[in-house]
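Report on one structure; see the data block that follows.
The values are calculated or read from the model by the stated rules, or taken from the named source; none is laboratory data. This one's a predicted model, so the numbers in the text were calculated from it and none came from an experiment. Cβ sites come from the backbone with ideal geometry, for glycine too, and all protein chains shown count toward neighbours.
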Amino acid sequence: MKRFDVMLEKDISGYEGEFSDIIHQAPAFYRMMTRLLDDKDLPKSMSPQIIAAIAYFILPEDIIPEDKFGPVGYVDDIYLCAFVAYEVMKETGSSDIISRNWDGGRPVIELVEEILNREKELLGNKKERMMQYIGFDEI
């Protein structure tokens, strides 16, 4: 079985359209979440959020499904990873843990901030529904 990030790369390869600058970072966000689980500096209290972000990527029917929207359907998955990455930075008081687990083509801290600032553009009014869907009590 192929690794999910490899399948994800294939799914978005060649995509040029709405949010393509962010969508092309999807595999790196997925890998960052999986690497964070093994990072010795990750507070154990953050593990459920990391696992939720990974699971959300894999779910076939999420709030913005890829089957219906194509690569644009990854914006909610990416947003959730950026949200969780920000929460990890707040919890640890440092961006180091995020930076060292990132292999994307753009600087991760700036990218996380950009994605969070573009919430309405990326998700519309779907953030609360997405957070409820994965069991996050706090928005």
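Figures for the structure shown
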read-out: Of all residues making up region 52-64, the number that are free of Cβ contacts under 8 Å to residues at least 24 places away in the same chain and touching a Leu at 6+ places or on another chain (Cβ under 7 Å); value: 0
read-out: Qualifying residues in region 113-139 (those that are surrounded by 11 or more Cβ atoms within 10 Å (Cβ to Cβ) and within 12 Å of Q49 (Cα to Cα)) - the one modelled with the highest pLDDT; value: M131
read-out: Selected residue (only one of Y15, Y30 is crowded, with 20+ Cβ neighbours inside 10 Å, touching a helix residue (DSSP H, G or I) at 6+ places or on another chain (Cβ under 8 Å) and of a type in the set (S, T, Y)); value: Y30
read-out: Region 33-51 - residue that is assigned to a helix (DSSP H, G or I) and free of Cβ contacts under 8 Å to residues at least 40 places away in the same chain and, of those, surrounded by the most Cβ atoms within 10 Å (Cβ to Cβ); value: I50
